[in-house]
Amino acid sequence: MNIVITGATSGIGQQLALDYAEQGHRVIACGRNQETLQQLTQKYPDRIGSLAFDIADKAQTLAKLRTLTGIDLVILSAGVCEYLDVENFDAAMFERVYQVNIFGTMYCVQALLPNLKRGSHLVLVGSTARLLPFTKAEVYGSSKAAIHYITRSLEVDLGQRGIKVSSVSPGFVKTPMTAANDFEMPMEVSVEFASSAIRKGIAKGKRDIAFPWVFATLLKCLSLMPQSWQVAISRRMAS
Ligand SMILES: NC(=O)c1ccc[n+]([C@@H]2O[C@H](COP(=O)([O-])OP(=O)(O)OC[C@H]3O[C@@H](n4cnc5c(N)ncnc54)[C@H](OP(=O)(O)O)[C@@H]3O)[C@@H](O)[C@H]2O)c1
């Protein structure tokens, strides 16, 4: 397969790039960190190519991705996380995070979609954070809820073109992103586990790839409870 992966310079995206290359696929690894991109291409010179750009920059993103053809699989994993301090509410945090997680991801979709052929697969990385109103997650959680909704609508609208669309909802994964967290992260998994779960889900054509299973299922069940319960549970977790 020819695979495009954003966020390939770190964490989940990087592990996916390495694992797919190891399996013999051709990967175009995307990110801003040129040094890491170079290391990836040096490790698998015949299987990993790289594109350095900032997905928050629409012109750059369109210019870099628009000409790619023959792509079988796109995994849009690039993302950022910031937690809100409600006492110092600053809407600029929404602008920063949405610019990458939502608008940046959509710039990638805009650039790649015209050249995606029948039978190709578009995968957007969200988060299980979308499932409950977690403390301090107003910005990050809402960005990932938007990604999940967009994914579901895209599946409806791209069906006729024969393009499969899937949403990935990881629980806690040990990456540089979560290294900054100062709270307990139940059922945290490794990037190797995350990559394996995502690759298996994609291979099976699953529309909703959520893992680890117990954590994701628990959150899905909680998300079906009355909202007053969800708020009470989240308040308890926050205290
Ligand atoms: N780790 C978790 O527990 C967890 C849980 C749920 C969901 N997720 C989601 O999984 C995805 C990957 O997360 P991760 O944990 O692997 O994070 P990570 O290790 O911090 O990696 C983030 C990646 O996104 C790229 N990126 C960020 N801003 C970018 C920008 N403006 N332009 C281009 N690339 C940009 C980074 O590349 P450069 O710095 O090179 O640009 C990096 O490769 C994210 O969407 C995240 O929200 C993670």
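Assorted remarks:
- The residues of the range 180-209 that are in contact with a Phe, Trp or Tyr (Cβ under 8 Å, 6 or more places away or on another chain), more than 27 Å from VAL165 (Cβ to Cβ) and hydrophobic (A, V, I, L, M, F, W, C) amount to a single one, MET185.
- Check on VAL125, hydrophobic (A, V, I, L, M, F, W, C) and touching a strand residue (DSSP E or B) at 6+ places or on another chain (Cβ under 8 Å): yes
- Criterion: of a type outside the set (Asp, Glu), within 13 Å of the ligand (Cβ to nearest atom) and within 30 Å of LYS136 (Cβ to Cβ) - qualifying residue of VAL80, VAL4: VAL80
- Selection status of GLY11, out of contact with any Leu (no Cβ under 9 Å at 6 or more places or on another chain), within 20 Å of ILE209 (Cα to Cα) and near the ligand (Cβ under 8 Å from one of its atoms): yes
- Residues that are closer than 30 Å to VAL86 by Cβ, more than 16 Å from the ligand (Cβ to nearest atom) and part of a strand (DSSP E or B), drawn from the range 121-168: none
- Residue count for the range 24-43, restricted to those that are out of contact with any Lys or Arg (no Cβ under 8 Å at 6 or more places or on another chain), in contact (Cβ under 8 Å) with a residue 24 or more places away in the chain and either β-branched (Val, Ile, Thr) or more than 8 Å from the ligand (Cβ to nearest atom) (or both): 5
Just so you know, all these numbers are worked out from the coordinates, no wet-lab data involved. Computed from a predicted model, the values in this text were never measured in an experiment. Cβ atoms come from the backbone with ideal geometry, glycine included; neighbour counts cover every protein chain shown.
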